[in-house]
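So the structure is just underneath, and the comments pick up after that.
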Amino acid sequence: MPEVYSQEYLNVPIDESTAFFKRRDFIPQMPEDKLKPLVYYIGSDFAVSEADRADWSVFVIGGMDENGLLHIINVIRERMDAKEIIDVMISLENTYHPELFAIEKGQIEKAIGPFLNEESIKRNTYPNIIKLSPSMDKSQRARSIQARVRARGVRFDKDSDWYQTFEDELTRFPRDKHDDQVDAFAYLGLVVDRMVEAPTNNELQEEAYQKEYNTSGLSEMGRSVTTGY
């Protein structure tokens, strides 16, 4: 018998067997996952028009580990104006140094474009933005990340305050009133194939060693990398 999750305030029963995102596929991070080096990417969805005022602006922060697993480590969901959106973007850039912010092209043009350029120069911080022009509907946009979640290729920080609201919205999609987190998650999915796996710990140690070696002067003195002589 399929599991059914009753959403009383919406009076919408969700059949687990036919849900777009299934609760059983939301795999928690293990303690060791939180120690892994990650390469970060951020999917975003902004409420920018008069009609969107009741909606949320969302940032979904994901990091790829060396094994190709995507870890969702933070979700920011707030009602924000353009200045607040930019403040959050700059803060996220300084915190995670993401490879990419994935943002719908129209949202950049409507909400934050000139203001972001001005603030980037003022703060000497330049987020790397990929502008998406999706022509498909919401369900089609979310297919990439849906497939990754269903294949158990995503791990979630289930101990965080944001998590339960995030899972609830995703498992009610597309029948919920709000889908802002789904959209941001979907945009992250659209760039997931471009993601670069994080370096291994050995690679990080080797990189640190090479940096120290190159700045120590040994390389200019003809000494052995192994012995230092």
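The values are calculated or read from the model by the stated rules, or taken from the named source; none is laboratory data. The model shown is predicted, which means the values in this text are computed figures rather than measured ones. Counting neighbours? That spans all protein chains shown, and the Cβs are built from the backbone with ideal geometry, glycine included. Keep in mind that these areas ignore ligands, DNA and RNA; they rest on the heavy atoms of the full protein, side chains included. Shrake-Rupley method; radii C 1.70, N 1.55, O 1.52, S 1.80 Å.
Brief remarks on what is shown
- Members of the range 60-74 that are open to solvent by 10 Å² or more (accessible area, probe 1.4 Å) and over 13 Å from Pro98 (Cβ atoms): Glu66, Asn67, Gly68, Leu69
- Some residue of the range 68-80 being over 23 Å from Val182 (Cβ atoms) and more than 17 Å from the chain's Cα centre (by Cα): no
- Unique residue being modelled with pLDDT under 95, touching a Leu at 6+ places or on another chain (Cβ under 6 Å) and either open to solvent by 20 Å² or more (accessible area, probe 1.4 Å) or within 22 Å of Asp179 (Cβ to Cβ) (or both) when the list is Asn128, Asn117: Asn128
- Of all residues in the range 70-89, those being more than 25 Å from Glu119 (Cα to Cα) and at pLDDT below 95 number 0.
- Any hit, the range 128-139, residues being at negative phi and part of a helix (DSSP H, G or I): yes
- Residues of the range 30-47 classified as surrounded by fewer than 19 Cβ atoms within 10 Å (Cβ to Cβ) and touching a Lys or Arg at 6+ places or on another chain (Cβ under 9 Å), total: 2
- Among residues of the range 146-191, those that are more than 15 Å from the chain's Cα centre (by Cα) and assigned to a helix (DSSP H, G or I), counted: 8
- Count of residues meeting criterion [in contact with a helix residue (DSSP H, G or I) (Cβ under 6 Å, 6 or more places away or on another chain) and either free of Cβ contacts under 8 Å to residues at least 24 places away in the same chain or basic (Lys, Arg) (or both)] in the range 135-154: 2
- When Lys110, Lys122, Lys158 are checked against the criterion of being in contact (Cβ under 8 Å) with a residue 60 or more places away in the chain and farther than 19 Å from Phe46 by Cβ, a single residue qualifies: Lys158.
Conditions (1) modelled with pLDDT of 90 or more; (2) exposed (fewer than 15 other Cβ atoms within 10 Å of the Cβ); (3) not acidic (Asp, Glu), marked per residue:
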position	(1), (2), (3)
Ser91	yes, yes, yes
Ala102	yes, no, yes
Ile108	no, no, yes
Ala142	yes, no, yes
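- Among the residues of the range 16-29, those identified as touching an Asp or Glu at 6+ places or on another chain (Cβ under 9 Å) and either open to solvent by 20 Å² or more (accessible area, probe 1.4 Å) or closer than 13 Å to Val154 by Cβ (or both) are Ser17, Phe21, Lys22, Arg23, Arg24, Phe26, Pro28, Gln29.
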